[in-house]
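Read the figures in this text as sums done on the coordinates, not as results from a lab. Since we're looking at a predicted model, the values are computed, not measured. Ideal geometry is used to build each Cβ from the backbone, glycine not excepted, and the neighbour counts take in all protein chains shown.
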Amino acid sequence: MRFALITTDKPGALDIRKANRDAHLAYIAETGVVEMAGPFLDENAEMCGSLIILEVADLAAAQDWAANDPYAKAGLFSDVRIQAWKKVVG
């Protein structure tokens, strides 16, 4: 089942994002459940959040993946939303 993980960074947290980016990307590679992902950009083209599409068994697995993301562990996000998602195009 697919889930969209939609996050918003805390204001002024770009340095936290940059400091944990390598660990976040390694986590994505190691877990093998991310179908697609990328950062949201603000008006200055700086990273300010994320959209990650997970292919996992259920909501609990998506929540577990999100909680163990190095970005989450570093306290980067002000808001996290996990929503079941159905791929139609692409």
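Observations on the structure shown:
- Qualifying residue in the range 11-28 (condition: assigned to a helix (DSSP H, G or I), in contact with a His (Cβ under 9 Å, 6 or more places away or on another chain) and not aromatic (F, W, Y)): yes
- Qualifying residue in the range 45-54 (condition: among the β-branched types (V, I, T) and closer than 15 Å to F77 by Cα): yes
- Scanning the range 44-54 for residues that are touching a residue at least 24 places away in the same chain (Cβ under 8 Å) and either surrounded by 16 or more Cβ atoms within 10 Å (Cβ to Cβ) or among the small types (G, A, S) (or both) yields M47, C48, G49, S50, I52, I53, L54.
- Residues of the range 55-90 satisfying the condition of being among the β-branched types (V, I, T), surrounded by 13 or more Cβ atoms within 10 Å (Cβ to Cβ) and more than 14 Å from I6 (Cα to Cα): V56
- Residues located in the range 1-43, provided they are within 12 Å of Y71 (Cβ to Cβ), surrounded by fewer than 15 Cβ atoms within 10 Å (Cβ to Cβ) and of a type in the set (D, E): D22
- Any chance V80 is over 20 Å from K10 (Cα atoms), among the β-branched types (V, I, T) and not in a helix (DSSP H, G or I): no
- Filter result for A66 (assigned to a helix (DSSP H, G or I) and touching a residue at least 60 places away in the same chain (Cβ under 8 Å)): yes
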